[in-house]
Amino acid sequence: MELKDLLKEMDYELLSGDTNQDVSQIDYDSRQVQQGSLFVCIPGAQVDGHSFINQVIEKGARVIVVEHAVSYQPGVTYILVKNARIALALLSSAFFHHPSRQMVVIGITGTKGKTTTSYMVASILEKAHKKVGIIGTIGSMVNGQYHKTKNTTPESFELQKLMHEMVEAGCEYCVMEVSSQGLMLNRVAGIDFDIGVFTNLSPDHIGENEHHSFEHYMACKKMLFQMCQIGLFNQDDEHYLDMIDQAKCEIKTYSIQSESDLQAQNIALYQQDHQLGVTFDTKGVINASFQTNIPGKFSVYNSLVAIMICYLLHIETPYIQEALKQVSVKGRVEMVPVPRPYTVLIDYAHNALSFDSILSTMSEYHP
C-alpha cells in the first residue's frame, strides 16, 4: 500500500522524506525487516526499537515511525507519532483494509470466563450456520482451522493479520478475548468492536511486569467500553458500578441475583450417566429454558453472556439451546468420556483463585 493511504486516519508529523511511496510490509521486530518495510520503533521495558534504526535501514526499511526526533538518513522517510504502539495498531488496520469493519466483532474481557464464553458464542453462531473466527488464550480458529498464538490478545499487527484472514475466509463474526495487557499495550486500538463484554473482576496479573495495582488492572479493562457500541455487564460482580463508570457504549446487563436485561433463575445442577451439568430458565429479553454440560454456577454466567450476545445478533433461541447443550471447551472443566463408573474432567486451573473455583464447583455435586 502507499504510505499516504496508511496514514490517512492517523495523527502524525512528517519529519523527513516523502509519503508518496509503497510500503511492502509493517515491522516492529528488526529481525523481520525486508526491502520496502515500514519499521515502527516500539519503546519496550528492556529494548527500545529506536536503537535499531540504522540496522533496519541497512536491511531495506524506507519508512521509520518514531516517538522522538532522531538523526536522519537521506532517502528514508521519518514519521513522528505520540504513541508508537497506537501507531502500529492503526497502520496495521489500514494495511489489512480495516478487517474489523467487515465483520461483527465481539470482545470479551474479565478475569475469568473469557475462553469458555467465547467458545459458547462461536458454537451458537456455527449452529446457526454462520462463519466465525475466534482469537484467545488457546489460540485462534478461522473456520475450524487452528492457529497457535503467543498471547491471549496478540500484538496488533498479528491481530489485524488474523482478522484479515478471517475476512478472506468468509467469516461474518469475530469473537475475541481482550486481555488487560492487550488493552494496556494498545494492541486492540483501531478495532471496531460491536459488542464488549465484562464477565467478572478479581485480583490477577498484579505485579512488576504487568499491572502495578488492582486499580490499574481495572482501569485497563474499562478501556474496552470506550471502544464498543454495546457493552454487556455482569450486574452481580462487586465491581459492576466501577466498570460502567466512563463507559461510552449502550449498557446491557445480565444477572443471577437481581433483575436485569437477562436474568437466570431456577438453577439446578444435574448428574446423568457420569455427566455433570446445569439447567436454568431465563427471563427478560428471552424467556426460555437452557441446559449446558459444563458444570457449575459459573457456567450459568458464561451461558447468559452467550445467550444475550446471540439475542443481540438476532440468532433464534432454538439454535442457542441446542448449541449450549453440546458445547465443550478444551481444558475448561472439559468432560472426558470413560467406560467406567466415574467422571473425568480436565481443567486449566493454575492459581489459587482458579483452584478454589473448580473445587467449589465440584463439591456442589457431592462427588
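The values are calculated or read from the model by the stated rules, or taken from the named source; none is laboratory data. Here the structure is a predicted model, which is why all the values come from computation and not from measurement. Cβ coordinates were reconstructed from backbone atoms using ideal geometry, including for glycine residues, and neighbour counts include every protein chain displayed. In case anyone asks, the SASA skips ligands and DNA or RNA and just uses the protein heavy atoms, side chains included. Shrake-Rupley method; radii C 1.70, N 1.55, O 1.52, S 1.80 Å.
In the neighborhood of Pro74, defined by Cβ-to-Cβ distances under 15 Å, what is the net charge if each Lys or Arg adds +1 and each Asp or Glu adds -1?
Net of charged neighbours comes to -1.
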statement: Computed over the range 151-284, the relative contact order (Cα-Cα under 8 Å, seq sep at least six) in percent reads 16 percent
message: At R0 = 30 Å, how high is the FRET efficiency between Val70 and Asp192 if r is their beta carbon distance? Nearest 0.05 is fine.
response: 0.35
- prompt: Can you run phi through the Karplus equation (6.51, -1.76, 1.60; θ = phi - 60°) for the range 340-350 and list ³J(HN,Hα) in whole Hz, with x for Gly and Pro?
  reply: 10, x, 8, 10, 10, 10, 10, 9, 7, 3, 9
query: Once phi is turned into ³J(HN,Hα) by the Karplus curve 6.51 cos²θ - 1.76 cosθ + 1.60 with θ = phi - 60°, what whole-Hz value does each residue of the range 194-200 show in order, with x for glycine and proline?
result: 7, 10, x, 10, 10, 8, 5
message: Once neighbouring chains are kept in place and the probe is 1.4 Å, which whole percent of the accessible area of the range 255-333 is contributed by carbon and sulfur?
response: 43 percent
statement: Amide H neighbours of Asp236 at under 5 Å, excluding residues fewer than 5 places away on the same chain, with H built from the backbone geometry, are Ile256
message: Please compute the modelled spin-label separation between His350 and Ser51, points set 7 Å along Cα→Cβ, answer in nm with one decimal.
response: 2.9 nm
Summed side-chain charge close to Ser260 - residues other than Ser260 whose Cβ falls under 15 Å, Lys, Arg +1, Asp, Glu -1: -4
query: Using the per-residue mean of other Cβ atoms lying within 10 Å as a proxy for protection, in what order, highest first, do the peptides 285-291, 47-53, 183-189 fall?
result: 183-189, 47-53, 285-291
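First check a/c for the range 65-222, with a ≥ b ≥ c the square roots of the eigenvalues of its C-alpha gyration tensor; if it is under 1.5, answer rounded, and if not, answer prolate when a/b is larger than b/c or oblate otherwise.
In terms of gyration-tensor shape, oblate.
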- prompt: For Ala288, which sequence-distant residues (separation of 5 or more, or a different chain) have an amide H within less than 5 Å of its own amide H, given hydrogens modelled in the peptide plane?
  reply: Thr282
message: Give me the net charge for the shell around Gly107: Cβ to Cβ below 15 angstrom, other residues only, Lys and Arg +1, Asp and Glu -1.
response: +3
- line: The ³J(HN,Hα) series, computed from each phi in the range 293-306 with the Karplus coefficients 6.51, -1.76 and 1.60 at θ = phi - 60°, rounded to the nearest Hz and given as x for glycine or proline, is 8, 9, x, x, 4, 5, 5, 5, 4, 4, 5, 4, 4, 4
